[in-house]
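The structure appears below as structure tokens.
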């Protein structure tokens, strides 16, 4: 029996509109009633992931910033962290500012951005469907670098860098990899999400990468929880869709990827389920946890 289930959010538990189906919600509750520890494992800020965890009733622990932090929801406490330093963030911000790269900075409780574009636009549209306390806090500032210098903030989960052009994006990746002491996520395909504009569906498509401190990944964060909860890695089911889920898919007793995952993720998976718009997480819950 699997004792811990680590579930990614975007592209996995959430459909293209950022929603969780009612059937999946009910299955999560049933899995929890069987004693399974369900841990949302996301690249989002702690506050954004926490609000969804509480809404779904899987409210013991969460993993944020692609493994940069493990958070105890009940006690409102960070148990484990591998934050970027302010100096690291300012170095990356300076590079992005000098080359006009779009980027945003994730802290524990907000995303700092200069405009509502790319991933920030998706969060903004997603927020419109939520009450205030469940929204991803987006802080739009005129100059991110100057804001961080003056804000007094010291803890940073990750930085996301985006562009629509493959040529420009390759240039971004090359420059970021020259900065020591960080990990740069290798994403070879475009992110594709949908937002509603009146009655129309609008696609948001862009290349992106995520920058964290060295040796940050979801599996390392899960290993911290396994030791704390006395659970073996063979008793872990991990489900995701993207390269930031790679280590946890490989490390878990059962690694499950979504039908919408990129080919490289499908190559390392133990099991492939339906896509995120066809209740793939529900399929995994029913096959491997509930039944």
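The values are calculated or read from the model by the stated rules, or taken from the named source; none is laboratory data. Because the structure is a prediction, the values reported are computed rather than measured. We place every Cβ from the backbone using ideal geometry, glycine too, and count neighbours over all the protein chains shown.
The residue that is nearest to residue 130 (Cα to Cα), counting only those in the stretch 11-56 that are touching a residue at least 60 places away in the same chain (Cβ under 8 Å) and part of a strand (DSSP E or B), is 14. Taken over the stretch 121-141, the criterion of being in a loop (DSSP other than H, G, I, E, B) and surrounded by 14 or more Cβ atoms within 10 Å (Cβ to Cβ) is satisfied by 130, 135, 136, 137, 141. Restricting attention to the stretch 163-203, the residues that are within 18 Å of the chain's Cα centre (by Cα), modelled with pLDDT of 85 or more and in a strand (DSSP E or B) add up to 3. Of the listed requirements (1) more than 17 Å from the chain's Cα centre (by Cα); (2) surrounded by fewer than 21 Cβ atoms within 10 Å (Cβ to Cβ); (3) over 24 Å from residue 246 (Cα atoms), residue 144 misses just one: (2).
The test for being touching a helix residue (DSSP H, G or I) at 6+ places or on another chain (Cβ under 9 Å) and either within 24 Å of residue 203 (Cα to Cα) or surrounded by 22 or more Cβ atoms within 10 Å (Cβ to Cβ) (or both) does not hold for residue 169. Give all pairs with beta carbons closer than 6 Å in which a residue from the stretch 223-244 that is outside the structural domain of residue 36 (by TED's automatic domain parsing) meets a residue that is buried (at least 19 other Cβ atoms within 10 Å of the Cβ) and at pLDDT 95 or above; count only pairs at least 6 apart in sequence or on separate chains. Pairs that qualify, where the first residue is outside the structural domain of residue 36 (by TED's automatic domain parsing) and the partner is buried (at least 19 other Cβ atoms within 10 Å of the Cβ) and at pLDDT 95 or above: there are none. Scanning the stretch 255-284 for residues that are outside any loop (DSSP other than H, G, I, E, B) and more than 20 Å from the chain's Cα centre (by Cα) yields 267, 271, 283.
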